[in-house]
Amino acid sequence: MPVPILPRPTTDVPLVVHGGTLVLPDRLVADGIVVCRGGRIAALGKRAAVPAGARQIDARGGYVTPGFVDLHVHGGGGADFMDATPGAVRRVIATHARHGTTTLFPTTTTGSPERIGAMIAACREVRESWTPLQGARIAGVHVYGPYFAADKVGCHPPSGRRDPSPAEYRDWFRDGIVRIATCAAELTGAIPFYRVAARHGCLVTCGHSNATWREMEEAFAAGVRHVDHFWCAMSSVASLRARHGTPMQAGMEQFVLATPGMSTEVIADGAHLARELLAFALTMLGPRRLCLVTDSSRALDMPPGRYRFGHEADGSWFESDGFVGRSGGALASSVVGMDHCVRTMVAATGADLPTIVRLATLTPAERAGIGTETGSLETGKQADLLVLSRRLAVRRTIIGGVEHPV
Ligand SMILES: [Zn+2]
Ligand SMILES: [Zn+2]
């Protein structure tokens, strides 16, 4: 299936960013310049001709990076995509743009068929009339819940969990709005679901699952290429011992580490995973198989307090302390933006900036099939870029050559 065209911004005013260190996939370019024209990157490097009438932005010695791409995100700014109104969707995309995300995949929670249908419809509506001033671009929906394993539902409303049914999911894939599709591999009907999602060009992923190695092999053969939030709500040797007894078995963790065709993602908020696990993931998987995701909830940029995960009327309650969401003794999603995750990953791994930036830009874009359109500073790609301070705080967010207020 051809790569879908992302919703296209329109701007006639050329934009030039200068005076910063460009973060390219393989190197840094000190005191570089990026020229954007017609919403795309027209030229970049040590020097480039500045078009007449161009708007100029001085990066003031900071970094110029590609805009972040988030594969797994539920909400922010008080709204959850599952609220399913255009206003709520726009509030989330505006919030994430302030944290440097220029492309995202609104992610469903568990919920009734009506709730999930309404969420997809709201995202479709916003995508069709989208402008960069509204916030991050919607590349497509990530259907995440409802097809979770009953023993791995986590903080999602359990009543909204079910096994996949073609009568329900056939409609989701009809017009190409769904670009990422998650299902737990051990569910009845998982394999046909994976096949349909793969046929529609989705990044097919297994999450909220207690799958065995054997089930992952079958899932991989049916098109699965990714596992959601590594080490969270997924199988381990210990959880499989509880499910199947002895001999102890390998599960999702070993399958991902051992299979070059598989990628995964980490919630690098500093609360879900300790630094050594973040560093271990990068060491074992390398920068082409590991993505950063926020998995953030509506509590991002909101004061500490009690919030609903999922729809505002019947989502599960959790507490945000401003650092992470908690539900009882368990974690309930993050409350940070991608800029925070990038800073956490730099501190945890000590890896160079091109490597860490790739985890939040080109790698997720490639895995989701939009790597030719966005995800790196490259001539011809969409002009999605950020100006970051030397401490990696977001100073400017530019989406399709248009600046979004930070
Ligand atoms: Zn999850
Ligand atoms: Zn999630």
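No lab work stands behind these numbers, since they all come straight from the coordinates. Everything quoted here is computed from the prediction, not taken from an experiment. Note that each Cβ is placed from the backbone with ideal geometry, even for glycine, and that neighbours are counted across all protein chains shown.
Observations on the structure shown:
- Take every DSSP beta bridge whose two residues both sit in the chain; close to 55 percent of them are antiparallel.
- Selected from M119, G223, C36, residue furthest toward positive end of dipole (the chain; charges at beta carbon): C36
- Counting Cα-Cα pairs of the chain in 10 Å increments starting at 0 gives whole-percent bin shares of 5, 25, 34, 25, 9, 2, 0, 0.
- Its Cα gyration tensor gives the range 45-159 an equivalent ellipsoid; the semi-axes, largest first and in whole Å, are 35, 16, 11.
- Dipole of the range 68-373 computed with +1 at Lys/Arg Cβ and -1 at Asp/Glu Cβ about the Cα centre; of V178, L240, G75, farthest Cα towards the positive end is V178.
- For the range 148-276, the normalised intensity computed at q = 0.10, 0.15, 0.16, 0.18 Å⁻¹ comes to -0.31, -0.70, -0.79, -0.99 (log10 of I(q)/I(0), Debye sum over alpha carbons, equal scatterers, no solvent).
- With respect to the chain, whose longest principal axis is taken over its alpha-carbon atoms, helix 113-128 is tilted by about 10°.
- Gaussian network model of the chain, springs between alpha carbon atoms under 10 Å - residue of D384, D171, D58 with greatest fluctuation: D171
- Angle between the chain longest axis and helix 338-349 axis [Cα atoms, degrees, rounded to 10]: 80
- Nearest-0.05 FRET efficiency for L133 and R55, computed from C-beta distance (R0 22 Å): 0.95
- Orientation-averaged projection of the range 215-260 equals 3.4 nm² [convex hull of Cα atoms, one quarter of hull surface area].
- GNM flexibility winner over the chain from L359, L282, L71 (Cα, springs under 10 Å): L282
- Semi-axis lengths, Å, the range 230-318, gyration tensor of Cα atoms, sqrt of 5 times eigenvalues: 29, 19, 11
- Electrostatic dipole magnitude of the chain [Cβ: Lys, Arg +1; Asp, Glu -1; Cα centre; debye, to 20]: 780
- Between the Cα long axis of helix 190-199 and the first principal axis of the chain there is an angle of about 30°, rounded to the nearest 10.
- The label-point distance for A274 and S159, in a model that sets each label 7 Å from Cα toward Cβ, rounds to 3.9 nm.
- Helix-derived mean residue ellipticity, 222 nm - over the chain, DSSP H n ≥ 4, -39500 (n - 2.57), to 500: -7500 deg cm²/dmol
- Estimated FRET transfer efficiency when R0 is 25 angstrom, pair K46-D352 (beta carbons, to 0.05): 0.80
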